[in-house]
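Student: Structure below; questions to follow.
The values are calculated or read from the model by the stated rules, or taken from the named source; none is laboratory data. Just so it is clear, the structure is predicted and the values come from calculations on it, not from any experiment. When we count neighbours, we look across all protein chains shown, and the Cβ atoms used for this are built from the backbone with ideal geometry, even at glycine.
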Amino acid sequence: MWAQGPESGPVPCKRRRSSKGCAVVASPPEREDVRDGASRPRPGRGRRSLPEATLARLTVYHRVLQTLADRGVSTVSSEELATISGVTSVKLRKDLSMLGSYGTRGVGYQVRSLLDQLGRSLGLTRDWAVVIVGVGNLGRALAHYAGFSSRGFRVAALLDSDPARIGERVADLIVAPVSDLAVQVSDAGATIGVIATPAGSAQEVADQLVAAGVTSVLNFAPTVLSVPEGVDVRKVDLASELQILAYHEQRKASSIAPFTAGVGA
């Protein structure tokens with residue numbers, strides 16, 4: 001059965017379960033084929049988002065490529081890059097093809113070129129201002145971490161609620177009171193906030209960050225945050241990661257114990 005489309009003439013009619021007859025469901029326009037393998041977005045739509053798992057692996061590839069570039073390596077095969085990154089070469093090639101990047105058979109990937117392409121895709125070609133709330137031991141360590149600046153992130157402000165810490169100089173920054181958070185975020189033009197506070201105050205800090213205009217939050221507090229739609233939260237739970245390692249250690253110990261007992265018998 002056919003039905004008349006708005007402008008495109010007859011289109012196949014796809015039936016839904018309904019007693020009112022045929023409901024026309026217009027098929028979406030075909031995407032334009034692109035030689036580099038990456039589909040162009042349809043008119044009026046933004047660039048297609050990458051799956052979270054793929055995005056996580058791309059950051060690993062970027063770190064590995066940066067190390068290779070620092071060592072003066074000019075080319076790397078997909079097998080070598082995959083092995084160093086801890087993935088299969090098939091998965092690596094699939095991930096990179098989503099960015100339209102293909103290596104040359106018999107040569108591999110140009111390290112510097114692929115590094116630059118990944119940097120652009122990950123948004124690492126611009127300076128990102130970051131504010132850190134909570135200047136305890138963890139907050140201080142993050143403020144001093146040199147890896148931020150080498151990857152395009154600039155710690156622009158440090159804030160805390162403890163009067164004893166306010167006014168203190170940490171990593172060339174003066175710790176400001178949390179009450180100044182909105183001003184600090186505005187002055188720095190920051191859209192990324194890091195929460196390094198105790199769990200009990202993390203949600204309140206998250207609310208203040210969002211109200212100040214921050215749209216991405218890295219949360220080190222051991223609690224789940226509630227944020228509005230459009231705000232991205234990444235959680236780093238060090239205790240949970242250690243618990244997972246403890247589980248694996250227990251499994252290894254339990255698998256070795258019977259064998260050890262048998263040897264001593």
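Student: Might you let me know whether the range 131-146 holds any residue that is among the aromatic types (Phe, Trp, Tyr) and either surrounded by 17 or more Cβ atoms within 10 Å (Cβ to Cβ) or assigned by TED's automatic domain parsing to the domain that holds Ser74 (or both)?
Tutor: no
Student: Next up: Of all residues in the range 149-181 being under 20 Å from the mean Cα position of the chain (by Cα) and surrounded by 17 or more Cβ atoms within 10 Å (Cβ to Cβ), which is farthest from Glu204 (Cα to Cα)?
Tutor: Phe153
Student: Could you say which residue among Leu81, Leu58, Leu92, Leu50 is touching a Gly at 6+ places or on another chain (Cβ under 9 Å) and surrounded by 15 or more Cβ atoms within 10 Å (Cβ to Cβ)?
Tutor: Being touching a Gly at 6+ places or on another chain (Cβ under 9 Å) and surrounded by 15 or more Cβ atoms within 10 Å (Cβ to Cβ) holds for just one of Leu81, Leu58, Leu92, Leu50, which is Leu81.
Student: Ok, one more. Return yes or no: is Asp116 modelled with pLDDT of 90 or more, closer than 30 Å to Val64 by Cα and in contact with a Lys or Arg (Cβ under 6 Å, 6 or more places away or on another chain)?
Tutor: no
Student: Filter the range 207-232 down to residues that are buried (at least 20 other Cβ atoms within 10 Å of the Cβ) and without any contact (Cβ under 8 Å) to a residue 24 or more places away in the chain, then give me how many there are.
Tutor: Qualifying residue count, the range 207-232: 0.
Student: Same structure, new question: How do the pairs read when you match residues in the range 97-114 that are at positive phi with residues anywhere that are part of a strand (DSSP E or B) and not aromatic (Phe, Trp, Tyr), using Cβ under 8 Å and keeping only pairs 6 or more apart or on different chains?
Tutor: Gly108/Thr75; Gly108/Val76
Student: Report, ordered by the first and then the second residue, all pairs with beta carbons closer than 6 Å, sequence separation of six or more or different chains, a first member in the range 185-198 that is not assigned by TED's automatic domain parsing to the domain that holds Gly152, and a second member that is of a type in the set (Asp, Glu) and modelled with pLDDT under 95.
Tutor: Qualifying pairs under 6 Å: none.
Student: Which one of these is in contact with an Asp or Glu (Cβ under 7 Å, 6 or more places away or on another chain) and farther than 30 Å from Ala199 by Cα: Gly86, Gly134, Gly106, Gly100?
Tutor: Result of the check over Gly86, Gly134, Gly106, Gly100: Gly100.
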